[in-house]
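> Dropping the structure in here first, questions after.
Values quoted throughout were computed directly from the atomic coordinates according to the rules given, and no laboratory measurement underlies them. No experiment lies behind these values; they were computed from the predicted model shown. Cβ: placed from backbone, ideal geometry, glycine included. Neighbour counts: every protein chain shown.
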Amino acid sequence: MIDSYGETTGPRVSLVIPARDEAPNLPWVLRRVPDIVDEIVLVDGRSTDGTVEVACAVRPDIRVVHQEGRGKGDALRLGFEAARGERIVMIDADGSMSPTEIPRFIDLLDRGYDVVKGSRFADGGCSTDITILRRAGNLALLGLFNRLYASGFSDLCYGYIAFDRSHLSRLDMSCPGFEVEAQLLISAIRARLRVTEVGSCESPRLCGDSNLRTFRDGSRVLRTVVGSHDRGLSGLAVQRLRSALWGRPAHVPGRIEPARPVPIAPAPVVPVPVVAAPVIPAPAGVWSERSPGLSELPQPT
Ligand SMILES: Nc1nc2c(ncn2[C@@H]2O[C@H](COP(=O)(O)OP(=O)(O)OP(=O)(O)O)[C@@H](O)[C@H]2O)c(=O)[nH]1
Ligand SMILES: [Mg+2]
């Protein structure tokens, strides 16, 4: 890419699209990608319906990543690693999300947010696809998520998300399946990234069968949301239970790990202090602790 000063720069916005047997839907999606997107990365999940051929015919400049493993989370992780843009946007390939909304996500990143997530239930959002069962499941998981992570989101299981590439190493995407969106958000909150929502409209997939199984994938999201909880007494209880059951605490975010879990030794349990230290209120917006400067330390006589 050549910038306005005639210098060669890398792509600014990368669009990552996981696709498994989405050949009939991809032309609709790819033809609506706005010019603001500099590169498209398609992660093909061993499709057998000509997905890659169709994508290359519609967008000869598309970059294709071939996925060896399985699952949307696994595909996204590969796509993010391959993406070269400063800004990364993820979108589904089935025509349920319109790429024409991408500029709204990028605009919020430009305004200083680190992660922008689409919400079907925020202002300007809608869904003509969600069933009563999925809406109830999403609402229940969202309520739990907001409570455990002290957040105030209006949607959880929706995969239209944009973020700044510089935060990639802090976003945890080690889960292989549809629970990856919840996992990404949990790690963003833990890393104290500025996350915001933007209204987004979801339509029914254009053609083909859903890869999502409501109960199987819903329970995986539930396990991710509860299993990653590590704050307060309930968090301590969850992590102790995890250690007792599987011999390891929740995945520690901060890096992208291989899809296959690496066995790690259980972390030592830090004892909770019996007597709480007196809390000294700090003025708002100022760190409550401060180390003395060298000049303030007692000087040797
Ligand atoms: N590469 C790859 N993509 C996948 C895999 N599983 C799902 N996807 C893609 O992930 C996106 C979301 O999957 P969907 O099947 O649409 O799931 P959903 O949006 O929850 O359900 P519906 O829209 O109701 O079908 C689609 O673009 C799929 O093609 C996979 O194992 N590998
Ligand atoms: Mg879909």
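> So what's the projected area for region 13-246, the Cα convex hull averaged over all directions, in nm²?
Quarter of the Cα hull surface area: 12.2 nm².
> Within region 21-58, name every residue whose backbone N is under 13 Å away from a label modeled 7 Å from Cα of S203 along the Cβ vector.
Backbone N within reach: 25-33.
> Using a cut-off of 10 Å between beta-carbons, work out the net charge of the residues near A188 (Lys and Arg +1, Asp and Glu -1, A188 not included).
Surrounding charge for A188 is +3.
> If you don't mind, another one. Which of rounded, prolate or oblate describes region 31-86 when judged by the alpha-carbon gyration tensor and an a/c cut-off of 1.5?
Details: a/c = 2.31, a/b = 1.18, b/c = 1.97.
It comes out oblate by the Cα gyration axes.
> Run through all the Cα pairs of region 187-226 and give the fraction in each 10 Å bin from 0, expressed as whole percent.
19, 29, 42, 10
> Same structure again: Between E81 and I36, what's the calculated FRET efficiency when r is the beta-carbon distance and R0 is 25 Å? Round to 0.05. Before the final figure, lay out each step's value.
Values: r = 22 Å, r/R0 = 0.89.
Computed FRET efficiency for E81 and I36: 0.65.
> Which of the listed residues, T131, V65, A244, is farthest toward the dipole's positive end in region 13-246, when Lys, Arg count +1 and Asp, Glu count -1 at the beta-carbon?
Result: A244.
> If you don't mind, another one. What full-extension length gain, to one decimal in nm, is calculated for R213 and C126 as 0.36 nm per residue of separation minus the Cα-Cα distance?
This chain segment gains 29.1 nm when fully extended.
> If N is the number of residues in region 73-188, what value comes out of its Cα radius of gyration divided by 2.2 N^0.38 Å? Mind dumping the intermediate values first?
Values: Rg = 13.9 Å, N = 116, 2.2 N^0.38 = 13.4 Å.
Region 73-188 yields a ratio of 1.03.
> Quick check on region 1-135: of the DSSP beta bridges with both residues there, what percent are antiparallel, nearest 5%?
Approximately 5 percent, going by the DSSP bridge assignments.
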